[in-house]
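**Student:** Quick one: the structure is below, and I'll ask about it shortly.
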Ligand SMILES: Nc1ncnc2c1ncn2[C@@H]1O[C@H](COP(=O)(O)OP(=O)(O)OP(=O)(O)O)[C@@H](O)[C@H]1O
Ligand SMILES: [Mg+2]
């Protein structure tokens, strides 16, 4: 556990970068620091590895004041990842990763084999280890940065906007990777970001800082989105927090309808009768293995030759689907919003249709449970 006890940093010019920070970041968990620019996040991180010495209060790691530790030794026991990875340009990727093990006196062979192991762990190929940082993409360099921070297996990892310099797709991949690593390694992670979605995705707890280096709120992601303590935090987490919060509720709790789902081998006449008896304005047509084929409106069904099989009719695209077991209400709502029928198609892991849900059903589910 990392404990900040009344930590203050006042610079000689009078700037208060951090003002009496009290915060406990639990062991084995990811605590995310967010907040406006200049609100003291980087300062807070750097008091942990003593790159910044507080002018008041203290920082403890598992109960020991970091000031009792030799700064150089302390830093070797803490992984530190910064924006743009901060790799040594004239060292190969493997040598970059092996930096701390070598400093710890592991010997060249053991350090290199550890580096090779980490390269694989963060999803890079062995051949990339022999390259220099400038021969890698930004996202690959960030992976090397993470590997280097993990090399000596430190219990604590400080990450200061590590993924902010890469595009959204690469970023999502790196976040995924970090979640996977964390589920295996259980480091005590302090992670700074400006991206509230990233914070919600990665954080077990989120600390929101306000200007002047003051902690505004420290909560679980879900509570932060549900109950921001004041207008500053609310503005910071964004006015679409209601929609974001839906990502905490599983889609599996939705009641999906199957009465308007028809096999493509059925006829237009059967579809028209189904539409009439159920009152459903849209029918979902499925093909082999119950995979979705597309939407048919009740009007089109009634107007078509009643003997024609549904799979031979022109259908509206079903848009994107949601996975009933794995996705959240947010994904289901998104699918319904984008669907030409105003209905989302839920599928099982094999891609077979489980049922459909309308925007109105979704609104009822969301409103009923979490309004
Ligand atoms: N060496 C210094 N001397 C004086 N002021 C400093 C010094 N280093 C940082 N500051 C100030 O301390 C405050 C907090 O800076 P810090 O880097 O911790 O903010 P941050 O929350 O990480 O911001 P950002 O989101 O922009 O990275 C800022 O006002 C900054 O200008
Ligand atoms: Mg910063």
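**Student:** Just the residues that are in contact (Cβ under 8 Å) with a residue 24 or more places away in the chain and touching a strand residue (DSSP E or B) at 6+ places or on another chain (Cβ under 6 Å), please, taken from the range 329-341.
**Tutor:** 331, 332, 336, 340, 341
**Student:** Right, next: Is there a residue in the range 318-335 that is surrounded by fewer than 19 Cβ atoms within 10 Å (Cβ to Cβ) and in a helix (DSSP H, G or I)?
**Tutor:** Yes, the conditions are met somewhere in the range 318-335.
**Student:** Another question about this same structure. Residue 14 fails exactly one of the following numbered conditions: (1) within 11 Å of ligand 1 (Cβ to nearest atom); (2) farther than 19 Å from residue 207 by Cβ; (3) surrounded by 14 or more Cβ atoms within 10 Å (Cβ to Cβ). What is the number of that condition?
**Tutor:** Result: residue 14 passes all but (3).
**Student:** Is it true that residue 118 is buried (at least 16 other Cβ atoms within 10 Å of the Cβ), modelled with pLDDT under 90 and not in a helix (DSSP H, G or I)?
**Tutor:** no
**Student:** Follow-up question, since we're still on this one. Out of 102, 124, which single residue is more than 25 Å from residue 22 (Cα to Cα) and under 25 Å from the mean Cα position of the chain (by Cα)?
**Tutor:** Working: 102 fails: under 25 Å from the mean Cα position of the chain (by Cα).
Step by step, each of 102, 124 is checked, and only 124 is more than 25 Å from residue 22 (Cα to Cα) and under 25 Å from the mean Cα position of the chain (by Cα).
The values are calculated or read from the model by the stated rules, or taken from the named source; none is laboratory data. In this text, all values refer to a predicted model and were calculated from it rather than measured experimentally. So basically every Cβ, Gly included, is an ideal-geometry build from the backbone, and we count neighbours across all protein chains shown.
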